[in-house]
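The values are calculated or read from the model by the stated rules, or taken from the named source; none is laboratory data. Just so it is clear, the model here is predicted, and its values are computed rather than measured. Cβ atoms come from the backbone with ideal geometry, glycine included; neighbour counts cover every protein chain shown.
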Amino acid sequence: MRKNIPPSALARDSRFNRIDTEQRMSDTRDTMVVGFVDAEAEDVADRARRRMHGIFVGEIQALEGAGRTAYDFSTEEVPYELKLDMARQCWDEARHCEISVKLAEHMGGELGEYAEFTTLFEAACHKDAVFRLAGVNRALEGLAIDVFTQMREFGESMGDPILEYCEDYMLADEVTHVKMGSKWLREVTENDKERRKEALEFQRIVDGLFNFRGQRGEEQDSPIRLARQFRKMAGFTDGEVDDIAEMSLKQRAEVAGERMAATQMAAEASAG
């Protein structure tokens, strides 16, 4: 079996329509870019199905990514116990895939209804295992903590105990996955501070990308709110959460500035 396979080598059937990261981030209709599934929104059903489909494909790639990390590296490169944790994560992600399929059906959706993006697996393709832990287990599984927390709240607000219970169940696993990443990132780089610094910078880049230009933060109007309490349980410091929130505020200000400039240009063109 090949090691370090590219995202294009992932096996999929005809139901899946794959797009790359650049296409995904330019599509404002994307599952995670669209505003949070507010129970009062007119298109709440479509938003919820989009979000659940995004979660489903994320779980598939999390399964594949953890499996690749367990296989791609020898015990000379990473501790054997790290490989065991990745194997345990595969088991969790497989359950999450099954749960997400059932939830999608419960919400009136179906596989392939929306596009699949390969961003998560792309982060799992780094040739350094520590960077994979930083990009996947800490950044993207950290995002999963935020998303599952809000989906649990959404299930409660909609009076849907099935959705609420399932999201709470998966949330507990995500906290464990992030905690494993935090643990091994520290232990593997204990005597290599420069490697740790570079891996954390990679994590920061991934976190910045998945702030969705300011849509994730701690403000009440944030479409995706940072779940600070659960992140701290998973090994994040307050400073790390603050950093994500500050990046998001900066991105939000940049977006507001771009919109203001576009409005001004449109007004000047109309006047001319």
#### Entry: Unmet criterion (only one of (1) farther than 30 Å from C90 by Cβ; (2) not hydrophobic (A, V, I, L, M, F, W, C); (3) not in a helix (DSSP H, G or I)) for E254
(3)
### Message
Go through segment 82-128 and report how many residues are over 18 Å from M180 (Cβ atoms), out of contact with any strand residue (DSSP E or B) (no Cβ under 9 Å at 6 or more places or on another chain) and of a type outside the set (V, I, T).
### Response
20
### Query
Condition test on I145, is it surrounded by fewer than 16 Cβ atoms within 10 Å (Cβ to Cβ), in a helix (DSSP H, G or I) and either among the β-branched types (V, I, T) or at pLDDT below 95 (or both)?
no
### Query
What is the one condition in (1) surrounded by 10 or more Cβ atoms within 10 Å (Cβ to Cβ); (2) small (G, A, S); (3) over 25 Å from L200 (Cα atoms) that A227 does not satisfy?
(3)
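Tally up the residues in segment 224-245 that are touching a residue at least 12 places away in the same chain (Cβ under 8 Å), assigned to a loop (DSSP other than H, G, I, E, B) and farther than 13 Å from T149 by Cβ, please.
So in segment 224-245, the residues touching a residue at least 12 places away in the same chain (Cβ under 8 Å) come out as 224-228, 230-231, 233-236, 241, 243-245.
Filter once more, so that each one left must be assigned to a loop (DSSP other than H, G, I, E, B): 226-227, 234-236.
Adding the requirement that they be farther than 13 Å from T149 by Cβ leaves 235-236.
Result for segment 224-245: 2.
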### Message
Going by what's in this entry, would R195 be described as buried (at least 17 other Cβ atoms within 10 Å of the Cβ) and not acidic (D, E)?
### Response
no
### Query
Tell me, which residue of segment 148-198 that is under 19 Å from A45 (Cβ atoms) and outside any helix (DSSP H, G or I) is farthest from the chain's Cα centre (by Cα)?
G159
### Residues satisfying the stated conditions in segment 144-161, i.e. touching a residue at least 24 places away in the same chain (Cβ under 8 Å) and within 19 Å of E174 (Cα to Cα)
A144, I145, D146, V147, F148, T149, Q150, M151, F154
### Residue under evaluation R259, criteria (1) under 23 Å from the mean Cα position of the chain (by Cα); (2) free of Cβ contacts under 8 Å to residues at least 40 places away in the same chain, criterion not met
(1)
### Task
Tell me which of these G112 doesn't satisfy, since it passes every other one: (1) surrounded by fewer than 23 Cβ atoms within 10 Å (Cβ to Cβ); (2) at pLDDT 95 or above; (3) over 17 Å from the mean Cα position of the chain (by Cα).
(2)
### Message
Condition first: modelled with pLDDT of 95 or more and farther than 26 Å from G58 by Cα. Can you find one or more residues in segment 195-208 that meet it?
### Response
yes
### Query
Does segment 199-223 hold any residues that are farther than 16 Å from T237 by Cα, part of a loop (DSSP other than H, G, I, E, B) and of a type outside the set (S, T, N, Q), and which are they?
F210, F212, R213, G214, E219, D221, P223
